[in-house]
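Have a look at the structure below, then the notes.
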Amino acid sequence: MVTGQNPPLVSIAVDTDVETATNGCGECHSGTHHPFVEDWAQSNHAKTGTYPQADLTRSCANCHVGQGALVAWGVQSNYVERDDDLAQPIVCAVCHNPHDATNEGQTRFPVETTIIENHLCAQCHDRRTVPDPGSPHAPEAALLAGEAGYFFPGLDFSAGDLVPTHGSAANVGLCATCHVNMVEVTDAATGEFLVNSTGHVFNAIPCLDPQGIPTGEDICDFSTTARTFDACTGSGCHGSPEVAFTVLMVAGLRIETKLEEVHDLLALIDPNGEDPFDGVDPNTGLIDATDGVITAAEGAVFNASLAEHPGDGDVYASSTHNPFLVEALLIASIDALETEYADILNPPPPAQRVNREAQLLEVLQRAGIR
């Protein structure tokens, strides 16, 4: 044994060329039976790390840079890339500690907990969940807990009241139950084994390739043939892929209908643009992210953005994370806009308007709190 020498530093970089990998996670955690690296390489976790090392002091780096996340989580261990100029993405070693088996899967924080502050995923996916000002950034955990959004004064519900099954004790894994779903994929015609999908593409209803293997693609049909709903059925929540698909579509359509109403009203209130970061409407000044005051219009903008998170009008993420809360917030937004800006909108008399109170009560009853 040679003394007086330090052991070689470990590398946290993930070599995605698993055929030639000689160190790191890819050397072992790859191949058809445990393709963790191959799946991870298709995920958004592998596409982060866009900030230079010099920006590690910025809060963005806490979740978008591998080194930054480790610093934020108090990891003091030395490793090859710790002081590199090249920012690492959210690699395996960010979420997993190979030297500590305290948590299942050797994760740095538990995933089998409904306490949001303790959950591994919530360390990053719990950002900008209320107007600060700004649009939602990573509000998923707060949505599950029923705490995201702008709650107008005088509402019949408060933050934390509307908690869906996905965010309750019935789903102790929270995010991980759906987003890290492991399943064996076999050939549909022959039944021959193809691959053990590890769930590390982190998509709850991932798109499928022609062989039926989950991919990291986000754009494909919303159908039970183009996507797999195994995460919805394998956990025992929904009886079949068709049931899960129907529930998702119904919730999405309900939210989409209310979302269109909010957008139509905001377009009348602020013709120059609904986004607070697009500037202030010189005619009304009702949407201004810089003045420190949250107007009814700005609250409605935030709730609409929450419904569309992660963007492009996609209501299915909010439909899954908390359909009751999002729909209730949109109804409240419509009512607030019609009331606060009646002089601009010139709405019909209250007796002729849709009964927002009845709509909201119906949502609360479906959520089981009224």
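The values are calculated or read from the model by the stated rules, or taken from the named source; none is laboratory data. Please read these numbers as outputs of a predicted model, since none were measured by experiment. Cβ coordinates were reconstructed from backbone atoms using ideal geometry, including for glycine residues, and neighbour counts include every protein chain displayed. Calculation scope for accessible area: heavy atoms of the full protein, side chains included, ligands and nucleic acids excluded. Shrake-Rupley method; radii C 1.70, N 1.55, O 1.52, S 1.80 Å.
One residue stands out in the stretch 171-203 among those that are touching a residue at least 40 places away in the same chain (Cβ under 8 Å), more than 21 Å from residue 34 (Cβ to Cβ) and of a type in the set (A, V, I, L, M): the one that is most open to solvent (accessible area, probe 1.4 Å), namely 172. Scanning the stretch 92-150 for residues being touching a residue at least 40 places away in the same chain (Cβ under 8 Å) and basic (Lys, Arg) gives a total of 1. Selection of first residues in the stretch 258-285 that are over 16 Å from residue 299 (Cβ atoms) and of second residues that are at pLDDT 55 or above and assigned to a helix (DSSP H, G or I), restricted to Cβ pairs under 7 Å at least 6 apart or on distinct chains, gives the following pairs, ordered by first then second residue: 268/344; 268/345.
The listed residues are 37, 94, and the only one of them that is outside any loop (DSSP other than H, G, I, E, B) and modelled with pLDDT of 95 or more turns out to be 94. State whether one or more residues within the stretch 121-142 are open to solvent by 50 Å² or more (accessible area, probe 1.4 Å) and among the hydroxyl-bearing types (Ser, Thr, Tyr). No: zero hits.
Each row is one residue, and each column tells you yes or no for (1) within 30 Å of residue 357 (Cα to Cα); (2) under 20 Å from the mean Cα position of the chain (by Cα); (3) hydroxyl-bearing (Ser, Thr, Tyr); (4) at pLDDT 95 or above.
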site	(1), (2), (3), (4)
205	no, yes, no, no
239	no, no, no, no
260	yes, no, no, no
283	no, no, no, no
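The set of residues from the stretch 299-342 being in a helix (DSSP H, G or I), over 13 Å from residue 150 (Cα atoms) and in contact with a His (Cβ under 9 Å, 6 or more places away or on another chain) comprises 317, 318, 320, 321.
Against the numbered list (1) open to solvent by 20 Å² or more (accessible area, probe 1.4 Å); (2) in contact with a strand residue (DSSP E or B) (Cβ under 9 Å, 6 or more places away or on another chain); (3) within 17 Å of residue 303 (Cβ to Cβ), residue 96 comes up short only at (3). Residues in the stretch 128-170 that are closer than 30 Å to residue 36 by Cβ, over 14 Å from the mean Cα position of the chain (by Cα) and in a loop (DSSP other than H, G, I, E, B): 4 in all. A search for C-beta distances below 6 Å between a residue of the stretch 229-241 that is in contact (Cβ under 8 Å) with a residue 12 or more places away in the chain and any residue that is in a helix (DSSP H, G or I) and open to solvent by 60 Å² or more (accessible area, probe 1.4 Å), counting only pairs 6+ apart in sequence or on different chains, returns nothing.
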